[in-house]
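Taking it in order: structure first as C-alpha cells, then the write-up.
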Amino acid sequence: MESLNEVWSHICDYTKTQISEVAFNVWIDILSLVSLDAGEATLFVRTSFQKKIIKETYYKLLEDAFFEVLKFNVKIKIVTEEDMPTPETLPADTSHDYEYTFENFIVGPSNRFAHAASVAVSENPAITYNPQNTSSQCRLQAYSPKISAKEHCFCQCRKFHKRAD
C-alpha cells in the first residue's frame, strides 16, 4: 500500500463487513487516519463524545481491521482537536526525532504540494518560496486542520536548515 488513504480505505472496507451500515456511517466513517508510525495508528475524530463511544464500542473492531489489512498488530490512538499539539506545544528541538525525515514521509495526493514546498524551502531557504526575504531562514506557512503532516514537514525543514549551518 502506498498511502494512508489507501490503508484507511481497506480498514473501512473491512469494518463495513463487520457492523451495520448505520453504525459504520455514524461511528467509523467520521474517523480520519492521521498517521501510522512504528506500529501506532492515530485516528482523528471531532469531539470527545465521539472519541469516548468509539473507544468503548469499536476499538477492538478497529484493532482487528488493522491486523486484517496490515498483518501486524497496531496500537490505536484516537485524538480530537483538543488532543492535537498546537505550534506552541511542539518541541523546539526535534533533532532526536529521527522519524521526521523527508525520506520516510508518505507522499499522497493530499500532501504532495506541501512536501514539495518543504523540500524546496529546505534546499533553497529564502529563495524558492520567498524571493523578497534575504534572511537565511525557511519561510514557509501552511494551513491544515490536521497537524501531523505539517509537523513532519516543518520538523524536517528545521533539521535540514540546522545541518546547513
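Structure notes:
- On inspection, residue 69 fails the criterion of being over 16 Å from residue 9 (Cβ atoms) and out of contact with any Ser or Thr (no Cβ under 6 Å at 6 or more places or on another chain).
- Residues in segment 45-63 that are open to solvent by 60 Å² or more (accessible area, probe 1.4 Å) and either part of a helix (DSSP H, G or I) or more than 12 Å from residue 83 (Cβ to Cβ) (or both): 48, 49, 52, 55, 56, 57, 60, 63.
- Selection from segment 1-34 of residues that are of a type in the set (S, T, N, Q), open to solvent by less than 20 Å² (accessible area, probe 1.4 Å) and not in a helix (DSSP H, G or I): none
The values are calculated or read from the model by the stated rules, or taken from the named source; none is laboratory data. These figures come from a predicted structure and were not determined experimentally. Counting neighbours? That spans all protein chains shown, and the Cβs are built from the backbone with ideal geometry, glycine included. All accessible areas refer to the heavy atoms of the entire protein, side chains included, with ligands and DNA or RNA removed. Shrake-Rupley method; radii C 1.70, N 1.55, O 1.52, S 1.80 Å.
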